[in-house]
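The values are calculated or read from the model by the stated rules, or taken from the named source; none is laboratory data. Predicted model only: the values in this text are computed from it and were never measured. Here the Cβ positions follow ideal geometry from the backbone for every residue, glycine too, while neighbour counts run over all protein chains shown. Protein only, heavy atoms only, side chains kept; ligands, DNA and RNA dropped before computing areas. Shrake-Rupley method; radii C 1.70, N 1.55, O 1.52, S 1.80 Å.
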Amino acid sequence: DLLSPYSAEIAVSVPSLTQPANRSSTLGAAITPVTLQVVDPDGSAVRFSQTGLPPGLTLNASTGTISGTPTTQGDFTVTVSAADQYYTASRTFTWTIGDGTLPSVTITSHTNGQTLTSANVTISGTATDAGFGNSGIQWVTVNGLAATGGTATGSGVANWSRNLTLSSTGPNTD
């Protein structure tokens, strides 16, 4: 290729690094090792490097395997590179480390076993996100439909409600 900054011989020897997928892992739990995928057409030795890996994770410069146990929560922009004697190929992806705490939902408007006398009822409750980032509740669904109630930030708690029409073929028990 006359437009290539490399000779034809070098241009066909450039390593090709596959784009890693974005990743999510749990704080304090060992990750399943990830091996970067690279092809160097001329079979040259390839060395790997990185910037931005979450603390606690390491990249083996010879094998391209990332392993370890994350020690810090957050979203990390990771750039990995594979280099032979002529060229360096780099790819960037995001690695999110969370604490593993899932949001919880509590129904506060009715008690378990309560018999309802009307087919039209409003149920309500509280959704809590005390996990990583405490970034608030994005949405709550009831029977697949969005409940009303704003998002919560800081405290990580949102009150919600949803109007439902229940079956009229007999008593409805919550």
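Taking all protein chains in place and a 1.4 Å probe, what share, in percent, of the accessible surface of region 44-131 do carbon and sulfur account for? Carbon and sulfur atoms account for 49 percent of the accessible area of region 44-131. Cβ-Cβ distance of T101 and L166, R₀ of 35 Å, FRET efficiency by 1/(1 + (r/R0)^6): the value works out to about 0.60. Ordering 115-122, 32-39, 13-20 by mean Cβ neighbour count within 10 Å, with the highest value first, yields 13-20, 32-39, 115-122. Under 5 Å between amide H atoms, partner at least 5 residues away or on a different chain: which partners does F76 have, H built in plane at 1.01 Å? Here W95, T96, I97 satisfy the definition. Projected label points at V157 and S49, each 7 Å from Cα along the beta carbon direction, are separated by 5.0 nanometres.
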